[in-house]
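Trainee: Quick one: the structure is below, and I'll ask about it shortly.
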Amino acid sequence: MNINIFKKKYEKNDIIVKQGDNSTDIYKINKGKVLLKNSNKMSFVELNEGDLFGTVDFILEKPYRFTAVAVTDVEIDIIDPRIFTELYESENAEFIKPILLSLAEEIRFYESKLEGKGGFVRDIIATAKRSEKKILTLIPTTSKAKRMLRNLDRIVISHFPFKIGRHSRRRSDKLFHRNDFYLSDYSPYSVSRSHFAITKKDNDYYFLDRGSHLGTLVNGERIGGRGKRTRVSLSEKENSIIIGSVEAKIRFKLEILPA
């Protein structure tokens, strides 16, 4: 497993990662102290030997939300995420996979609450009790959206929560991202690996962002990404869903009709 871990030394006051950089690695401090600073250059946590940083940003597919500065001379293990491929293929994979998938979803849940963007609500995430039956159908309205559905005309949302995200060929992603339907997307990506979910409480349906990078335009309102909210109720009959930027032309309509 050590082939995916390499050591690096930093001198006092060296910048290890910058806020806004892509979260491509996870860091473990072997010696010394590291200070994490936000965009206002205010210290918000000091890390010591044995501490890790960058883990949450990697799982959430977000740029680093901090700048990491060496307080002293430090020695760090830089962990290449490909190490998770080895975990995925290990003899204990059947036990590791459900634990890490559950952990990743918990992180997304609590991260959303901490950001104060409307947040996930536990009783909404839970599978809804029996109530008035309706049929929910996601229909592509542009050629690009249809290609992402692998040229299907529609998909029927058959249970709740119904999770949608980007297909990834990287086997280690299966440890952190689990979806009911995978959209085909290519770099530069508009769809995150865990992008959104459609869920239900009683007779009401909701769109939930799952920590996506670019968010989604739902009936004209930005949900997730840089939007102020991560949850919005869905309208009866028809809803407009635009994934990522408007320019990307990944447009769907979500129909909610009586069965």
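The values are calculated or read from the model by the stated rules, or taken from the named source; none is laboratory data. Just so it is clear, the structure is predicted and the values come from calculations on it, not from any experiment. Reconstructed Cβ throughout: ideal geometry from the backbone, glycine too, with neighbour counts over all protein chains shown.
Trainee: Go over the candidates Asp51, Asp14, Asp25 one by one and state the one that is closer than 18 Å to Phe176 by Cα and either surrounded by 13 or more Cβ atoms within 10 Å (Cβ to Cβ) or touching a residue at least 12 places away in the same chain (Cβ under 8 Å) (or both).
Mentor: Selected residue: Asp25, the only one of Asp51, Asp14, Asp25 that is closer than 18 Å to Phe176 by Cα and either surrounded by 13 or more Cβ atoms within 10 Å (Cβ to Cβ) or touching a residue at least 12 places away in the same chain (Cβ under 8 Å) (or both).
Trainee: So Tyr205 passes all but one of these: (1) more than 14 Å from the chain's Cα centre (by Cα); (2) within 18 Å of Lys146 (Cα to Cα); (3) part of a strand (DSSP E or B). Which condition number does it fail?
Mentor: Unmet for Tyr205, out of (1) more than 14 Å from the chain's Cα centre (by Cα); (2) within 18 Å of Lys146 (Cα to Cα); (3) part of a strand (DSSP E or B): (2).
Trainee: Any idea which residue in the stretch 149-175 is surrounded by the fewest Cβ atoms within 10 Å (Cβ to Cβ), counting only those that are in a strand (DSSP E or B) and more than 13 Å from the chain's Cα centre (by Cα)?
Mentor: Only one residue fits best here, namely Val156.
Trainee: Could you list, in sequence order, all residues of the stretch 231-259 that are among the β-branched types (Val, Ile, Thr), surrounded by 15 or more Cβ atoms within 10 Å (Cβ to Cβ) and within 17 Å of His195 (Cβ to Cβ)?
Mentor: Val232, Ile241, Ile242, Ile243, Ile250, listed by residue number.
Residue-by-condition table, conditions (1) in contact with a helix residue (DSSP H, G or I) (Cβ under 6 Å, 6 or more places away or on another chain); (2) among the polar types (S, T, N, Q):
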position	(1), (2)
Tyr182	no, no
Ser190	yes, yes
Ser194	no, yes
Asp209	no, no
Thr216	no, yes
Gly227	no, no
Glu236	no, no
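Trainee: Given the structure, is Arg178 at pLDDT below 90, assigned to a loop (DSSP other than H, G, I, E, B), in contact with a helix residue (DSSP H, G or I) (Cβ under 7 Å, 6 or more places away or on another chain) and in the same structural domain as Leu138 (by TED's automatic domain parsing)?
Mentor: yes
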